[in-house]
Amino acid sequence: MSSPALAQRIAELSLSALSGDRPDAAETFCQLGLILSPGAAVFHHHLGLIALLRDDVDAALPELLRAVEGFGKESSDAARDAHRDLIVAHLMAGEGANALAAGFAAERLWPEDPAIARVLAQAAEKTGDLDAAIPRYARALAVMSQADPKRAETGFALGTALYSRRRLGEAFRALRAAIDANRNHAASWCNLGNVLCDIARPVEALKAYEAALVIDPDYRNAHSNALQTLHYVPGHSAQSLKASHLAWAERHFRDDPPRPPAPPARPRLAVGLVSEDLRRHPVGYFTAGWLPFARDYGLDVIAYSSNPRDDDVTQALRTGVAQWRDVAGIDDGTLARTIRRDAPDVLIDLAGHTGRNRLGVFAQRAAALQATWMGYVGTTGLKQIDGLIADRIHVPRLEDAAYVEDIWRMPNGYVCYAPPDYAPAPQGSAWRRNGYISFAAFHNPAKINPDLIATWAKILHAVPDSRIRLVFRGFDEPMVRDFIERTFQAQGIAADRLDIRGAVPHAELFALYNDCDFALDSSPYAGGLTTLEALWMGIPVVTAPGAIFASRHAASHVTNAGFAGEVASGPSDYVRTAIAWANAPAMRDADRAARRARMAASPVMDGRRFAQDLARLLRAARDAATP
């Protein structure tokens, strides 16, 4: 047998050994092959694969680089596989840029190959280039057979990337393709639930989360997503929500670790804030209202921030804290140990069950005294969290038993608001300029449901020629627009009375209020930041508190902004109020600049007073917990 033929036979034996999970034998064959054929790319490729099987990426990379160099521009399957494995090795080594470069090189040789497209997409995603990743995931998925074992993962990756880009209809279809390929792919069901919630189908979202939990009962994020989604669905009570949250805690955090010792008494209070939303987000805006005054009242704030990216709000918040710790990428156990070393007097969760929350840290009792606040809409279900910071409207005193945590009530509102400088001055009498009454409903589509649309339709029927404007990220998605238009049409409201827009820059959103007369609150999940922004633009807000914490945001904000008499008493009064205001010249022509001034003088915007009240509240909780 000639040397080339013998080398070919040894390569076949090496590959057979690799396929049979005998890496030591494969390595021996490769060493022999390199003696017969020094520099042969196939043996360097196999040695690279052997190193990867041994989790030795440092050894794999030089072998795979030699293999790719040795194959040159050869278009064989073996050469293609070597290129693909080099990309994978770079990804395993955390070398996103190198993986991307290797991927583009491979793509030039095999532009239609699904495996190359898939790993190149992974490299692009690793470097944050979703715009490069999405078409390659899509190309790979399009040519994969239904039986391809990578189809479900590829559909999941494509759907997740599309969801991040808010291409919700495409994300829905990609995730459905992943589930069709593997109905036991729990992560695809979970992310499908996220998409369904965002396209105003929360009931279907709950079914998707339930499917994920049937497959993986310990899937904590899917379970948290389901809990958050419950608040969007009419018919729940505070007690039923408590039961659901307790079930979550019992499943995922049954153990109750001992409470760490309280730090020694000290004149200043160390307060830890745990959040990934200390940025342009409701939590960031609410924190910005009081944080500049915290030190004046003896609060030394330690921020444990998991922000995916910083922005102007983040930079402003950094100046108000005693310590800022960037903890993105740090696991819950490590973060809990870090917090125990810092020993804050009070540790406050600002996320609840929202995305990428840190409830796992609180379940470990990272601090002697723990609370939850502002980032969620009620109980977390965790008995390890001592307090829920609320107010008398969100949680009336007779309802404390509907929450796992003790209720720590602020004397006025439970949050403070600081509007951005770019909010324009309010202008009056939009109806005079437009020739009709315009209602603003700038809500997350997840908050829109058939019952709410039926209520809004009653108002539009009673106010001739009136219009409703719906503006928020996601409303421009065809699936959402179709749902909104169909549901209004079923109530007798034609599409030409609807002004539906997707995401707009924040400053433009404020300006749109000047083209509206009144704001209509959502139910059962009321507007929070949305309500405060409408009030700041001088717009009266039609709202009625419901039965759960989430349904009372607007009622609290309207009351604490100085307009308590404008809160409706219930659903019927909500409709009557909107109709009465639309027909009342005094409300239609209200002095919006005067309404802004009234709000500016109210507790909801008095950051100094809020910081003082918060300091008193937290000290009282600390003192009550101290033996």
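The values are calculated or read from the model by the stated rules, or taken from the named source; none is laboratory data. As the structure is a prediction and not an experimental result, all values here were calculated from the model. Cβ atoms come from the backbone with ideal geometry, glycine included; neighbour counts cover every protein chain shown. Calculation scope for accessible area: heavy atoms of the full protein, side chains included, ligands and nucleic acids excluded. Shrake-Rupley method; radii C 1.70, N 1.55, O 1.52, S 1.80 Å.
Out of the residues in the range 595-608 that are open to solvent by 20 Å² or more (accessible area, probe 1.4 Å) and touching a residue at least 24 places away in the same chain (Cβ under 8 Å), which is farthest from T559 (Cα to Cα)? Talk me through it step by step, then tell me what you get.
Just the residues of the range 595-608 that are open to solvent by 20 Å² or more (accessible area, probe 1.4 Å), to begin with: 595-598, 600-601, 603, 605-606, 608.
In the following step, the residues that additionally are touching a residue at least 24 places away in the same chain (Cβ under 8 Å) were identified as 595-596, 598, 601, 603, 605-606, 608.
Working: R595: 13, R596: 14, R598: 12, A601: 13, P603: 10, M605: 12, D606: 14, R608: 19 Å.
Filtering first and then ranking leaves R608.
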* Got at least one residue in the range 194-207 being in contact with a helix residue (DSSP H, G or I) (Cβ under 8 Å, 6 or more places away or on another chain), part of a loop (DSSP other than H, G, I, E, B) and of a type in the set (V, I, T)? -> yes
* If we keep just the residues of the range 420-468 that are in a loop (DSSP other than H, G, I, E, B) and closer than 14 Å to S523 by Cβ, which is nearest to the chain's Cα centre (by Cα)? -> N444
* Mind counting the residues in the range 566-578 that are farther than 27 Å from L230 by Cα and not in a helix (DSSP H, G or I)? => 0
* Can you pull out the residues in the range 372-412 that are open to solvent by 30 Å² or more (accessible area, probe 1.4 Å), within 18 Å of G546 (Cβ to Cβ) and either of a type in the set (V, I, T) or in a loop (DSSP other than H, G, I, E, B) (or both)? -> R392, I393, P396
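Would you point out which residue out of R136, R118 is open to solvent by less than 60 Å² (accessible area, probe 1.4 Å), among the basic types (K, R), within 25 Å of A51 (Cα to Cα) and part of a helix (DSSP H, G or I)?
Numbers: R136 fails: within 25 Å of A51 (Cα to Cα).
Among R136, R118, only R118 is open to solvent by less than 60 Å² (accessible area, probe 1.4 Å), among the basic types (K, R), within 25 Å of A51 (Cα to Cα) and part of a helix (DSSP H, G or I).
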* To do: Sort through V88, V42, V68 and tell me the only one that's under 29 Å from T127 (Cα atoms), over 38 Å from the mean Cα position of the chain (by Cα) and assigned to a helix (DSSP H, G or I).
  => V68
* Could you check, for the range 566-578, whether at least one of its residues is touching a Phe, Trp or Tyr at 6+ places or on another chain (Cβ under 9 Å), surrounded by fewer than 24 Cβ atoms within 10 Å (Cβ to Cβ) and within 24 Å of R409 (Cα to Cα)? => yes
* Asked: Between a first residue in the range 295-321 that is within 21 Å of P420 (Cα to Cα) and free of Cβ contacts under 8 Å to residues at least 24 places away in the same chain and a second residue that is among the aromatic types (F, W, Y) and surrounded by 14 or more Cβ atoms within 10 Å (Cβ to Cβ), which pairs have beta carbons less than 8 Å apart while being 6 or more apart in sequence or on different chains?
  -> R318/W324
* **Scan of the range 304-318 for residues that are among the acidic types (D, E), more than 23 Å from D332 (Cα to Cα) and surrounded by 13 or more Cβ atoms within 10 Å (Cβ to Cβ), ordered by number** => D311
* In the range 498-529, which residue that is surrounded by fewer than 15 Cβ atoms within 10 Å (Cβ to Cβ) and in a helix (DSSP H, G or I) is nearest to the chain's Cα centre (by Cα)? -> H506
* **Residue in the range 56-64 that is open to solvent by 50 Å² or more (accessible area, probe 1.4 Å), within 36 Å of the chain's Cα centre (by Cα), under 30 Å from G329 (Cβ atoms) and aliphatic (A, V, I, L, M) present** => no
* Sort through A105, A174, A161 and tell me the only one that's under 19 Å from H90 (Cβ atoms) and assigned to a helix (DSSP H, G or I). => A105
* Asked: Which of (1) closer than 29 Å to Y403 by Cα; (2) of a type in the set (A, V, I, L, M); (3) open to solvent by 10 Å² or more (accessible area, probe 1.4 Å) does A555 not meet, given it meets every other one?
  -> (3)
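Table: residues versus (1) charged (D, E, K, R); (2) touching a Cys at 6+ places or on another chain (Cβ under 8 Å).
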{"position": "V471", "(1), (2)": "no, no"}
{"position": "A490", "(1), (2)": "no, no"}
{"position": "I493", "(1), (2)": "no, no"}
{"position": "R501", "(1), (2)": "yes, no"}
{"position": "L520", "(1), (2)": "no, no"}
{"position": "A526", "(1), (2)": "no, no"}
{"position": "T530", "(1), (2)": "no, no"}
{"position": "I539", "(1), (2)": "no, yes"}
* Could you tell me whether the range 551-565 includes any residue that is outside any helix (DSSP H, G or I) and either at pLDDT 95 or above or touching a strand residue (DSSP E or B) at 6+ places or on another chain (Cβ under 7 Å) (or both)? => no
* To do: Report yes if L369 is touching a residue at least 60 places away in the same chain (Cβ under 8 Å) and surrounded by 21 or more Cβ atoms within 10 Å (Cβ to Cβ), otherwise no.
  => yes
* **Members of the range 132-176 that are within 20 Å of the chain's Cα centre (by Cα) and among the acidic types (D, E)** => E170
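How many residues are touching a strand residue (DSSP E or B) at 6+ places or on another chain (Cβ under 9 Å) and crowded, with 23+ Cβ neighbours inside 10 Å when one looks only at the range 340-357?
10
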* Inspect all residues belonging to the range 540-547 and state whether any of them is under 30 Å from the mean Cα position of the chain (by Cα), β-branched (V, I, T) and assigned to a helix (DSSP H, G or I). => no
* Pick from the range 460-497 the residues that are farther than 28 Å from A425 by Cβ and β-branched (V, I, T): which of them is most open to solvent (accessible area, probe 1.4 Å)? -> T487
* **strands (runs of 3 or more DSSP E) enclosed by the range 256-351 - at least 1 residues per element that are more than 23 Å from R619 (Cα to Cα)** => 299-305, 323-326
